[in-house]
Structures are given as structure tokens and as C-alpha cells.
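A short write-up of the structure that comes next.
The values are calculated or read from the model by the stated rules, or taken from the named source; none is laboratory data. In this text the structure is predicted, and so the values were computed from the model without any measurement. Surface accessibility is based on the protein's heavy atoms, side chains included, excluding ligands, DNA and RNA. Shrake-Rupley method; radii C 1.70, N 1.55, O 1.52, S 1.80 Å.
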Amino acid sequence: MTQPVQTRTLKTRARLLEAAREVISETSHGALRVEEVVRRAGVAKGTFFAHFKDKDALMDRLIGERMDLLLSDLEACPPPQNTADLVRDLGPFVAFMRSERYVFDVILRYSGAAAREEIGPIAATFERFILLLAPKLAAAPFRKDADPAMLAEGVQAFIFNALGLSFCALHSDDPLDGRLEAYFDLWLMPPGGATA
């Protein structure tokens, strides 16, 4: 008896997710309303809350899913040969995080820094980012006097700092790629340009 219930539950969740993706494609992440999702999915509002704690929990799933796909694209890139290559390769991932202030806010809240009870999809992408970027940095002509995982964590931190500044009125017009490349030059390139 549990198998049909589980199958029905999975199908309902899939309908909710598909309806949410449709709404986002027509509007934005921030403009999504639970009422519209349940209407399109053909379920009661209570059914939504049986699957997701709130709108942000749904966004954790959808945004984390998108970030994971973008990380798969990044994983397929060869090791960068310079910081400009790294900025280019990270471009789609960073652009998605910058696509809406709401998206960036959800990413920050669900990054794992808020000591949540469980690791959700967004927080999992933070770990995956480090695991896939560290070997690329180790294979690149960057500094060799630091642990590649620590270098990858720094890259991640600089991305968040640059994104935060891009949403600040004082820095919103500054080119993000230029800021990232300057950060990465300082963080990844050894003094004098030697990779020893």
C-alpha cells in the first residue's frame, strides 16, 4: 500500500516543481506566488505546504538545482590558464546568482552559513564548487604555496563579496568581471608571476 502513496507523492511534488518552473520562466523567482503554483499544479494550497515548508524552501530546491547544472558546465571546462579564463568559465554561474536580488538573498540564506538543521540543495552546491574547482586550480598556472581547496574557498568568497557589492548602490555600476579578475589576480597569482 505504501508504494502507490509514495508514487502519488512523487508525482505531486513533480507537478509542483514543474508549475513553479513555468511561473519563473514567465516572471521571475521573486515574483513567484505559491497561489499561482498550486493553481497550475491543480492541487490545494495545503498540499504545497505538505511538500515545502514555504516559498523559500521551494526556491532552495529550484535555485540549487540550477546552480548544480551550472556547476556541471563548469566541471566540463579545462583548467584555466589565467584569471581571465577563470572569470569567463565562472561567468554563467555568477550571472545566475546575480540575475535577481531575490535569488542572491535566497542563496545567502540557504548557503549553510545560517546553521540550518539539514544541508539543502543550495548548501550542497557550495561544497561541490570547492571539490570541482580545487583540482582545476591545482592544474592551472597559479600559486602552488597554498592548498588548492583553500584557494577554491577564497575564489568562492571573492565571488560573494563581488556579488554583494554589485547589489550595493555605491558599486552597482562597477564591472563585476573586472572586480573578480582583480581579486583573483591578488589571490591566485604568486608575487612576480612565478608559480612556485
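Before moving on, here are some points about what is shown:
- Qualifying residue in region 74-89 (condition: of a type in the set (G, A, S), open to solvent by less than 30 Å² (accessible area, probe 1.4 Å) and in a loop (DSSP other than H, G, I, E, B)): no
- Qualifying residue in region 163-174 (condition: of a type in the set (D, E, K, R) and modelled with pLDDT under 90): yes
- Restricting region 118-159 to residues that are aromatic (F, W, Y) and modelled with pLDDT of 95 or more, the residue that is most open to solvent (accessible area, probe 1.4 Å) is F158.
- Among the criteria (1) open to solvent by less than 40 Å² (accessible area, probe 1.4 Å); (2) modelled with pLDDT under 95; (3) of a type outside the set (S, T, Y), the one R8 does not fulfil is (1).
- Here region 11-41 is the region considered, the condition is being more than 25 Å from the chain's Cα centre (by Cα) and open to solvent by 60 Å² or more (accessible area, probe 1.4 Å), and the residue that is modelled with the lowest pLDDT is K11.
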